[in-house]
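**Q** Following this message is one structure expressed as structure tokens.
The values are calculated or read from the model by the stated rules, or taken from the named source; none is laboratory data. Since this is a predicted model, take the numbers as computed values, not measurements. Methodologically, a virtual Cβ is constructed for each residue, glycine included, from the backbone with ideal geometry; neighbour enumeration extends over all protein chains shown.
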Amino acid sequence: MGIVPRKAVLNVKSYQPGKPIEEVKRELGLSNVIKMASNENPLGPSPKAIEAIKKYLGDINMYPEGGCFYLRQAVAEKLKIKPEQLIFGNGSDELIELVLKAFVDEGDEVVVANPTFLMYEVASSVHGAKIKAVPTRYFKYDLKAMKKAVSKNTKVVFIANPDNPNGTYVTKYELEGFLKGIPEDTIVFLDEAYYDYVEERDYPNGLDYLGKNNLIVTRTFSKAYGLAGLRVGFGVSNPEIIKYMETVRDPFNVNSLGQIGAIGALKDKEFLSKSKKMVREGKKFIYAELKAMGVRYVPSVTNFILIELCPKPCGIAERLLKKGVIVRSMKAWGMENFIRVTVGKESENKRFIRELKNIILQGRNIIPPEQ
Ligand SMILES: *Cc1c(COP(=O)(O)O)cnc(C)c1O
């Protein structure tokens, strides 16, 4: 007799993360590999986080603070919110999971954009949710169409602002228009993983809209703060939503080094502004080089750029990989003629451009799209 998983599990398309550097070195026999694939911070972790973690290493025999007490105080103070408005997760990915666990029954609907961050769909399908995917327009969320897609069976709407992989954002005006009239029993999940990188004046701070809707705003220490390996993210919402999410959370979901490191990183203003500056300058360089090559890209408010390379699938991600440059193939999104590249350090950006140029100039069957 064979084993049989839950029905929903049979339909899950697993999330394919970007390849780690060590794996690429091993598999391709390369010694010098750079990763520009998972929107990590190439400057390393915040030095203040490292310092805090080193001091704590002797205490990892103990279970962590289940409620993230000190981190909770630190984040609440920084964001000027009440500590009880917060929930912490093993990465902000876990908050997606907790919302679904707490609120979505098999057959309930969730609304997402297409393309967007794939975890919304992966996690929702694990829970047997019915997924309504609303196409983006010109690489931007179509919030009007997403609002129309909301029905009485819709439990959660996922909005990444800014979005991954598009790198675009919804404006204050667009978000306000969307939130107006969303049913009271629909949760709006506003994922602000790249909040710290956005410098546009009409970019909304999700925290300004708490209280009016059933909104949860999530952020992470994985991106601008450079702590992706520690897995710490948090959600801010109203006490009722938090209460149900807390009910389904594992007691020790955020590890102790993660909590300690995040407190350190939160204090590290210098590291944050250094990271933002690197991304700002890196984008400027990459944009100029792509323009000169006649390659189309989507202007980004984040630390990654979506790039269109050829009229049809042409395997650029694989070819860059052979040169030791890991970028994100867009195959999983069904956009095989695109890649997504994380803005790196100056030397990394230069190497990426150099290798890309070589491929484009040498590849007979690759024609850059018309501008
Ligand atoms: C990277 C990312 C996250 C979450 O990352 P965690 O490491 O789990 O905090 C969430 N949403 C989007 C859109 C992302 O790109």
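**Q** Looking at the stretch 1-83, what helices (runs of 4 or more DSSP H) fall wholly within it and have at least 2 residues that are among the acidic types (Asp, Glu) and away from the ligand (no atom under 16 Å from the Cβ)?
**A** Working: elements: 7-10, 21-28, 47-56, 69-79.
In the stretch 1-83, the matching helices (runs of 4 or more DSSP H) lie at 21-28.
**Q** Taking into account only those residues within the stretch 88-129 that are among the charged types (D, E, K, R) and assigned to a loop (DSSP other than H, G, I, E, B), which is nearest to the ligand (Cβ to nearest atom)? Spell out the reasoning first.
**A** To start, the set of residues in the stretch 88-129 that are among the charged types (D, E, K, R) comprises 93-94, 97, 101, 105-106, 108-109, 121.
From what's left, assigned to a loop (DSSP other than H, G, I, E, B): 105-106, 108.
Working: Asp105: 24, Glu106: 24, Asp108: 21 Å.
Ranking the qualifying residues of the stretch 88-129, first place goes to Asp108.
**Q** If you go through the stretch 198-223 one residue at a time, how many are touching a helix residue (DSSP H, G or I) at 6+ places or on another chain (Cβ under 6 Å), within 11 Å of the ligand (Cβ to nearest atom) and not basic (Lys, Arg)?
**A** The qualifying residues number 3.
**Q** Cβ-Cβ below 6 Å, separation at least six or inter-chain, first residue in the stretch 105-133 and in the same structural domain as Ser329 (by TED's automatic domain parsing) and more than 22 Å from Leu179 (Cβ to Cβ), second within 15 Å of the ligand (Cβ to nearest atom) and part of a strand (DSSP E or B): which pairs?
**A** Close Cβ pairs satisfying both conditions: none exist.
**Q** State all residues of the stretch 339-354 that are assigned to a strand (DSSP E or B) and either within 14 Å of Ile21 (Cβ to Cβ) or touching an Asp or Glu at 6+ places or on another chain (Cβ under 6 Å) (or both); if no residue qualifies, say none.
**A** Initial filter on the stretch 339-354 (assigned to a strand (DSSP E or B)): 339-342.
Hit for the stretch 339-354 is Thr342, nothing else.
**Q** Give me the helices (runs of 4 or more DSSP H) completely within the stretch 246-338, filtered to those with at least 2 residues that are crowded, with 19+ Cβ neighbours inside 10 Å, assigned by TED's automatic domain parsing to the domain that holds Asp196 and in contact with a Pro (Cβ under 8 Å, 6 or more places away or on another chain), ordered by residue number. First the steps, then the outcome.
**A** Values: elements: 256-266, 269-293, 316-322.
Counting at least 2 such residues, we get 256-266.
**Q** A further question on this structure: Taking the options Glu184, Glu176, name whichever one is surrounded by fewer than 21 Cβ atoms within 10 Å (Cβ to Cβ) and either outside any helix (DSSP H, G or I) or in contact with a Lys or Arg (Cβ under 7 Å, 6 or more places away or on another chain) (or both).
**A** Values: Glu176 fails: either outside any helix (DSSP H, G or I) or in contact with a Lys or Arg (Cβ under 7 Å, 6 or more places away or on another chain) (or both).
Step by step, each of Glu184, Glu176 is checked, and only Glu184 is surrounded by fewer than 21 Cβ atoms within 10 Å (Cβ to Cβ) and either outside any helix (DSSP H, G or I) or in contact with a Lys or Arg (Cβ under 7 Å, 6 or more places away or on another chain) (or both).
**Q** Right, something else. Residue pairs, Cβ under 7 Å, 6 or more apart or interchain, first in the stretch 223-237 and closer than 17 Å to Asn164 by Cα and assigned to a helix (DSSP H, G or I), second within 11 Å of the ligand (Cβ to nearest atom) and modelled with pLDDT of 95 or more. List them.
**A** As it stands, the answer is Ala228/Glu40; Ala228/Ser222, since those pairs meet every condition given.
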